[in-house]
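**Q** Quick one: the structure is below, questions incoming.
The values are calculated or read from the model by the stated rules, or taken from the named source; none is laboratory data. Predicted, not measured: the structure shown is a model, and the values here were computed from it. A quick note on method: Cβ atoms are made from the backbone with ideal geometry, for glycine too, and the neighbour counts reach across all protein chains shown. Note: accessible area is taken over every heavy atom of the protein model, side chains too, but ligands, DNA and RNA are not part of it. Shrake-Rupley method; radii C 1.70, N 1.55, O 1.52, S 1.80 Å.
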Amino acid sequence: MTTHLEPEQQGSGLDERRMEEFAGKLIDTFSGGVLTLMVDIGYRTGLFETLARGPGTSEEIAERAGLQERYVRECLGSLVTGGIVEYDPDDGRYTLPAEHAACLTGGGSQNMASLSEIVTLLAPHMNDTTRVFREGGGIPYEEFRPDFTSVMDAMSRGLYDGQLIDGILPLVDGLTDRLTTGCRVADVGCGTGHAINVMAAAYPASTFVGYDISEEAIESGRSEAAASGLANAEFEVLDVVRLPADPGFDVVFAFDSIHDQVDPAGVLAAVSAALRPDGLFVMMDTKSSSRLEKNIGNPLAPMIYGVSVMHCMTVSLAHGGAGLGTAWGEELARSMLADAGFTDVRTHDVPDDPMDMVYVCRL
């Protein structure tokens, strides 16, 4: 888009076309931020699931979804003008194209709608974030609970259901055979423990332990395991820097948890110490470079750095920690893994998850 330049801006030596292009980019950015909130509403209220079942007028869609028509109509206005939903003015019907529905509905790993919740989770902490910019320190993890637990679960659950068993685990040579035969497995920073429970159900000969500092997350994991009758899954509230080394583990997982830690080097050292001979450490973490210039052009990079400012970095700094941040990057990750004693580190892309990569680490 273009904007009208005020008289005092003309003849100032500025590149007017570049300035107008940047002003347009800002408008697109701000508009997209509000559109993200509408996507979150569509996700939370089931509006997208309703639209996926077929076109309709705002009255028909609201009735099918059990929602208020006036709110539905206004939200649809944002979604239509934002290119998410289509609208036919001749009959007043709204349509969610099948290709869009594939990215916004269902329980699989292709559903991206839950990503919108990260914005609404972090936005209420703007005042505190501004304060720590000036004063230093950080925002403690407790300030984000319990909402953080449910949002992270929503963001990862579809990936674990759709890709963990058939997509992620097979990336690691010999891992599925170990799990099938039976081994002892830990997940450090397990959150609600859904990954543990998915694996425990698929590999009944193995035993699984999930560790997390959040009591409500651990209780969620226990409840899910009990409801599913999983006798081989257990959970413990623990700061994972204190991961027990005895009796040791054959495999340790860390799903997007290392960069959040107060003492990430200490956690990696604890993992190394807890692994049995020929043990495996499988770390899924952010796909980025430690060097800013290498992240330029990555469409996910602004979100990665921004989430770091608003959560991952600040929760570590709040406790005097390392403050690695979400964008700690592959170069630093490899260096820290080497310092922890891992001599063989290989990486893989994550199916249906362009934001992460898998590090397969051996001592």
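**Q** Report the residue count in the stretch 221-239 for those that are assigned to a helix (DSSP H, G or I) and closer than 20 Å to Leu164 by Cβ.
**A** Qualifying residue count for the region: 6.
**Q** Being open to solvent by less than 10 Å² (accessible area, probe 1.4 Å) and part of a strand (DSSP E or B) is the filter here, so list the residues in the stretch 245-281 that pass it.
**A** Scanning the stretch 245-281 gives Phe249, Val251, Val252, Phe253, Ala254, Gly279, Leu280, Phe281.
**Q** When you scan the stretch 282-305, how many residues do you find that are within 14 Å of Met357 (Cβ to Cβ), among the hydrophobic types (A, V, I, L, M, F, W, C) and not in a helix (DSSP H, G or I)?
**A** Looking only at that region, the number is 4.
**Q** With respect to Asp91, determine if the residue is open to solvent by 50 Å² or more (accessible area, probe 1.4 Å), not in a helix (DSSP H, G or I) and not polar (S, T, N, Q).
**A** yes
**Q** Here is a further query. For the structure I just gave you, tell me whether Ile296 is among the β-branched types (Val, Ile, Thr) and in contact (Cβ under 8 Å) with a residue 40 or more places away in the chain.
**A** It is false that Ile296 is among the β-branched types (Val, Ile, Thr) and in contact (Cβ under 8 Å) with a residue 40 or more places away in the chain.
**Q** Condition (residue is of a type in the set (Asp, Glu) and without any contact (Cβ under 8 Å) to a residue 60 or more places away in the chain) applied to the stretch 30-40: is it met by at least one residue?
**A** Looking for residues that are of a type in the set (Asp, Glu) and without any contact (Cβ under 8 Å) to a residue 60 or more places away in the chain, one finds none in the stretch 30-40, hence no.
**Q** Looking at Asp344, Asp278, Asp246, Asp285, which is the one that is in the same structural domain as Thr181 (by the TED database), at positive phi and not basic (Lys, Arg)?
**A** Of Asp344, Asp278, Asp246, Asp285, the one residue that is in the same structural domain as Thr181 (by the TED database), at positive phi and not basic (Lys, Arg) is Asp278.
**Q** Condition check: part of a helix (DSSP H, G or I) and under 23 Å from the mean Cα position of the chain (by Cα). Does Cys75 satisfy that?
**A** no
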